[in-house]
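The values are calculated or read from the model by the stated rules, or taken from the named source; none is laboratory data. If you're wondering where the values come from, they're calculated on a predicted model, not measured in any experiment. Please note: Cβ atoms are built from the backbone with ideal geometry, for glycine as well, and neighbour counts cover all protein chains shown.
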Amino acid sequence: MHAESPEAPIVFLKPASAVIQSGGTVIIPTISNDLHHEVEMVVVIGKRGTSIPIPQAYHHIDGYAVGLDMTLRDVQAEAKKKGLPWSVAKGFDTSAPVSTIVRREQILDPHNLGISLKVNGELRQHSNTREMIFRVEYLVSYLSSLFTLEPGDLIFTGTPEGVGRVVPGDVLEAELESVGMVRVGVDKKTKH
């Protein structure tokens, strides 16, 4: 995204309630007026592991998917300004649309896949996974040095340039070459 590359991955967590499937709807919480999309390759863990050496990382991967890391940019900016965690900005319900999973063995090279996002049919993000700052095996190894990885864990790997705002009524289509697509709508939560 034309930002300075970090020395280590920036890590945040999303709860299971953030995950939705294709055909679902991302619901903007009432605390935000600035929802942004971030298309990402998702690595799906298939085997439990802690402190996994880089050469063993692929043995812990079940497959790949394409996902959207939906971010409440205004909430994130306020948290950054105050030095607070990004949990609310990144982890709200419906903030992680994910496609179906393609098994690891079916992907010859996860570091050479086209990735894109269209909003209402307009191309907003387009790149290739070879442009990722950190390789898949490094991410698995690094994260397993901090947290025990469990089967079913999803690792969102980072987004290319082109992130931007979406609003209620928008339709997002994220695609990862050889893996598939996730298509979701956007709506605003109404106050109760």
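Using beta carbons and a limit of 9 Å, which pairs, at least six apart or on different chains, have the first residue in segment 59-73 and touching a residue at least 12 places away in the same chain (Cβ under 8 Å) and aromatic (Phe, Trp, Tyr) and the second one assigned to a helix (DSSP H, G or I) and surrounded by fewer than 19 Cβ atoms within 10 Å (Cβ to Cβ)?
The qualifying pairs are Tyr64/Arg104; Tyr64/Gln106.
Being under 17 Å from Ile10 (Cα atoms) and over 14 Å from the mean Cα position of the chain (by Cα) is the requirement here; does Ser127 meet it?
No.
For segment 52-87, give me each residue that is assigned to a helix (DSSP H, G or I), of a type in the set (Val, Ile, Thr) and surrounded by 15 or more Cβ atoms within 10 Å (Cβ to Cβ).
Val75
Among the residues of segment 178-192, which ones are assigned to a loop (DSSP other than H, G, I, E, B) and surrounded by 15 or more Cβ atoms within 10 Å (Cβ to Cβ)?
The answer is Val179, Lys189.
Take the conditions without any contact (Cβ under 8 Å) to a residue 40 or more places away in the chain, over 14 Å from the mean Cα position of the chain (by Cα) and within 23 Å of Tyr58 (Cα to Cα) and apply them to His111. Does it pass?
yes
Condition first: within 20 Å of Val171 (Cβ to Cβ) and in contact with a Phe, Trp or Tyr (Cβ under 8 Å, 6 or more places away or on another chain). Can you find one or more residues in segment 120-140 that meet it?
No, because not a single residue in segment 120-140 is within 20 Å of Val171 (Cβ to Cβ) and in contact with a Phe, Trp or Tyr (Cβ under 8 Å, 6 or more places away or on another chain).
Which members of segment 23-47 meet the condition of being farther than 29 Å from Ala79 by Cβ and surrounded by 14 or more Cβ atoms within 10 Å (Cβ to Cβ)?
If the condition is that a residue be farther than 29 Å from Ala79 by Cβ and surrounded by 14 or more Cβ atoms within 10 Å (Cβ to Cβ), then Gly46 is the only one that fits.
On the given criteria, is Val44 touching a residue at least 12 places away in the same chain (Cβ under 8 Å), under 18 Å from Tyr142 (Cβ atoms) and part of a strand (DSSP E or B)?
So Val44 fits the description; yes.
Among (1) in contact with a helix residue (DSSP H, G or I) (Cβ under 8 Å, 6 or more places away or on another chain); (2) of a type outside the set (Phe, Trp, Tyr); (3) not in a loop (DSSP other than H, G, I, E, B), which single condition is Pro110 missing?
(3)
Listed here are the residues, each with its yes/no results for (1) closer than 25 Å to Gly49 by Cβ; (2) among the acidic types (Asp, Glu); (3) modelled with pLDDT of 95 or more; (4) crowded, with 16+ Cβ neighbours inside 10 Å.
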{"position": "Leu113", "(1), (2), (3), (4)": "yes, no, yes, yes"}
{"position": "Lys118", "(1), (2), (3), (4)": "no, no, yes, yes"}
{"position": "Gln125", "(1), (2), (3), (4)": "no, no, yes, yes"}
{"position": "Tyr138", "(1), (2), (3), (4)": "yes, no, yes, no"}
{"position": "Ser141", "(1), (2), (3), (4)": "yes, no, yes, yes"}
{"position": "Gly152", "(1), (2), (3), (4)": "yes, no, yes, no"}
{"position": "Phe156", "(1), (2), (3), (4)": "yes, no, yes, yes"}
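If you go through segment 1-40 one residue at a time, how many are in a strand (DSSP E or B) and either touching a Gly at 6+ places or on another chain (Cβ under 8 Å) or acidic (Asp, Glu) (or both)?
6
Which residues, counting only those in segment 140-163, are over 13 Å from the mean Cα position of the chain (by Cα) and either on the phi > 0 side of the Ramachandran plot or part of a helix (DSSP H, G or I) (or both)?
Val140, Ser141, Tyr142, Leu143, Ser144, Ser145, Leu146, Gly152, Gly162
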